[in-house]
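Student: Have a look at this one before I ask anything.
The values are calculated or read from the model by the stated rules, or taken from the named source; none is laboratory data. Quick caveat: nothing in here was measured; it's all calculated off a predicted structure. Backbone-built Cβ (ideal geometry, glycine too); neighbour counts: all protein chains shown.
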Amino acid sequence: MPAKCSPSRNDLFVKSEEELLDGQDEQGKQSLSWNQALLATTAPFQQISLSQVQKISPSALAYLGDAIYELYVRIFYLVPLQRSGIYHRLVVEQVRAETQALHLRSLIPHLRDTELEIVRRGRNAATGRPKRLNPEIYQQATSLETLIGYLYLTDYQRLTELLQILHVKKE
């Protein structure tokens with residue numbers, strides 16, 4: 001008897017996309033489709049235990065979170081097709097510290113106690129900042145990136161839920 005194969009990440013993507021898209025309008029389908037694509041293609045490939053993640057510095061989590069957040073925003077703006085200069089302008093507007101600070105403030109009411117603790121750790125780890133930035137803005141942006149990095153490694157489904165709460169502007 002052949003061994004039962006577990007579904008691949010792509011199989012899970014197709015199934016969950018069909019379930020999620022049932023009854024959505026076309027624009028909603030497209031937006032959800034990209035969010036699901038992000039989930040399917042960037043979920044952590046290496047399992048890291050919670051105890052290992054807890055040993056990672058907030059600065060390292062923010063470093064990871066910065067990359068994940070920028071990838072999310074780039075995928076978000078990928079459709080409709082545009083010139084690369086327009087993509088760049090849209091993405092830069094979303095990944096700048098001031099916008100990230102606004103996003104963090106909008107997420108605070110939705111965060112669990114453990115997530116608030118990660119945000120606090122990220123805020124306290126924010127050292128050195130660009131001269132143009134208010135220190136509080138820089139701390140909030142770093143806190144958001146720390147939270148994204150942490151959730152990327154520990155609870156990808158929760159990360160996806162929180163990213164979908166953000167009000168990233170479509171232009």
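Every residue, every condition in (1) of a type in the set (A, V, I, L, M); (2) modelled with pLDDT of 90 or more; (3) under 14 Å from the mean Cα position of the chain (by Cα), yes or no:
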site: Arg132; (1), (2), (3): no, no, no
site: Ile137; (1), (2), (3): yes, yes, no
site: Leu144; (1), (2), (3): yes, yes, yes
site: Leu147; (1), (2), (3): yes, yes, yes
site: Lys169; (1), (2), (3): no, no, no
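Student: Scan region 118-167 residue by residue and report those that are within 22 Å of Gln54 (Cα to Cα) and hydroxyl-bearing (Ser, Thr, Tyr).
Tutor: Thr127, Thr142, Ser143, Thr146, Tyr150, Tyr152, Thr154, Tyr156, Thr160, listed by residue number.
Student: Which of (1) out of contact with any Ser or Thr (no Cβ under 8 Å at 6 or more places or on another chain); (2) over 15 Å from Leu159 (Cα atoms) is the odd one out, the single condition Glu93 does not satisfy?
Tutor: In the conditions (1) out of contact with any Ser or Thr (no Cβ under 8 Å at 6 or more places or on another chain); (2) over 15 Å from Leu159 (Cα atoms), Glu93 misses (1) alone.
Student: Could you say which residue among Gln94, Gln82 is over 16 Å from His167 (Cα atoms) and either among the small types (Gly, Ala, Ser) or modelled with pLDDT under 95 (or both)?
Tutor: Result of the check over Gln94, Gln82: Gln82.
Student: Among the residues of region 121-153, write down those that are loosely packed, with under 13 Cβ neighbours inside 10 Å and at negative phi.
Tutor: Passing the criteria: Thr127, Pro130, Lys131, Arg132, Asn134, Pro135, Glu136.
Student: Right, Ile118: assigned to a helix (DSSP H, G or I) and either more than 18 Å from the chain's Cα centre (by Cα) or at positive phi (or both) or not?
Tutor: No; evaluated as a whole, the condition is false for this residue.
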